[in-house]
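A.B. asks: Could you have a look at this structure, given as structure tokens, before my questions?
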Amino acid sequence: MKKSCIEKLIIGSRESPLAQAQTRLVVKALEIAHPGIVTEIIMIKTTGDSVLDKPLTSIGGKGLFTKEIEAALLENRIDIAVHSAKDMETHLPAALTLAAVLPREDPRDVFLSSGGNSLSSLPAGSVVGTTSPRRRAQILNSFPELDIVSLRGNVETRLKKLRDGNVDAILLALAGLRRLRLSPEDMEVLGPGVMLPSASQGTIGIESRAGDEKIADLLAPICHLETMQATLAERTLLHELGGSCYTPIGALAEHIPGGKMRLRALIADPNGEWLHRIESTAQASDAEVLGRKTGRELRALVVENRGEKVFND
């Protein structure tokens, strides 16, 4: 541990309760690594937080939760930005970089229903709320008899809509519930074989200006190597697939014995009519190579079976 050479670190974050909880985790990690560090958190309202009556895919995709914060970073109004890594664009602005990640929380999704049903026992015609193309596609691929509707809002808002009977069931990220210290009753945790998570789900990403050595040195002690390796594998896979909020893609990199990493990935039709999975392994130190190889193989599999139009639409 060493004293920071920066008088005050200005941190940019979204306004949501989950974003604030995640930013506090970053502050705590920095305070442990750098005793006496002074931080200031600036809450920045993003377009994604402001427009709640439309699906993300109709108003711009992932960048809607990050672009205003990134603008503050580029304009030197903040020193670092804290994001849910799954919300970060696959292609970051050239002047910015993913500088560090905290240890990953459980990346799995959870299923909650008003009647206490499991996903597999939900009656035909039940209404499931989600705006995630990835969740929608995987549900409809396995349970085409269910009705999927768009459901925007933060975690608490979606839980309230479930309690109020607006929908029969919802899906949420387990990581978000844990960080908000929420434990809803009758929560069913879905394994990756049932619901493969979003790339980087459960990971807190810390973005900084590329080439800022002082900030890089400050963040180095709190960056979790294993999580960064998994994040690089999953984000590289998205890059190869041209993944965005528009395409139903799941990805999960996990460390396995022998210093290796397993990467599971899928891509699906938005309405669940087809779904292709792939799995690869490599040394964890070759995370980006693994992501590139797996992404290219999955893309080739989809093109062979569905045609190039899947990636051109």
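A.B. asks: Give me the dipole magnitude in Debye, nearest 20, for region 156-245 about the Cα centre, with unit charges on the beta carbon: positive for Lys and Arg, negative for Asp and Glu.
C.D. replies: 280
A.B. asks: Semi-axes, largest first, in whole Å: what does sqrt of 5 times each Cα gyration tensor eigenvalue give for region 166-214?
C.D. replies: In descending order the semi-axes read 31, 14, 10 Å.
A.B. asks: Relative contact order for the chain: what is it in percent, counting Cα pairs under 8 Å that are at least 6 residues apart?
C.D. replies: Here the relative contact order equals 20 percent.
A.B. asks: When ranked by the protection proxy of mean other Cβ atoms within 10 Å per residue, highest first, what sequence do the peptides 165-173, 227-235 form?
C.D. replies: 227-235, 165-173
A.B. asks: Also: Packing-wise, with mean Cβ within 10 Å as the measure, how do 158-164, 35-41 rank, highest first?
C.D. replies: 158-164, 35-41
A.B. asks: Normalised by the residues of region 237-312, what does the relative contact order come to in percent, with Cα pairs under 8 Å and at least six apart?
C.D. replies: Across region 237-312, relative contact order equals 30 percent.
A.B. asks: Tell me, rounded to the nearest percent, the portion of alpha carbon pairs in region 109-190 spaced more than 23 Å apart.
C.D. replies: Of all Cα-Cα pairs in region 109-190, 11 percent lie more than 23 Å apart.
A.B. asks: With a 10 Å radius around each residue's Cβ, average the other Cβ atoms per peptide and rank 294-301, 203-210, highest first.
C.D. replies: The densest-packed peptide leads the list: 203-210, 294-301.
A.B. asks: Using the structure shown, list the pairs from Lys8/Lys45; Lys45/Lys309; Lys86/Lys293 with a Cα-Cα distance above 28 Å, or answer none.
C.D. replies: As for pairs spanning more than 28 Å Cα to Cα, those are Lys45/Lys309.
A.B. asks: Report the relative contact order of region 56-206, percent, no decimals, based on alpha-carbon pairs under 8 angstrom and at least 6 residues apart.
C.D. replies: So the answer I get is 38 percent.
A.B. asks: How would you classify region 237-312 from its alpha-carbon gyration tensor, with a ≥ b ≥ c the square roots of the eigenvalues: rounded for a/c under 1.5, else prolate if a/b is greater than b/c, otherwise oblate?
C.D. replies: Since a/c reaches 1.5 and a/b is larger than b/c, the shape of region 237-312 is classed as prolate.
A.B. asks: Same structure, new question: Angle between the Cα long axis of helix 133-142 and the longest principal axis of the chain, 0 to 90 degrees, nearest 10?
C.D. replies: With rounding to tens, the tilt is 30 degrees.
Just so you know, all these numbers are worked out from the coordinates, no wet-lab data involved. Bear in mind the structure is a predicted one, so any value in this text is a computation, not a measurement. Cβ: placed from backbone, ideal geometry, glycine included. Neighbour counts: every protein chain shown.
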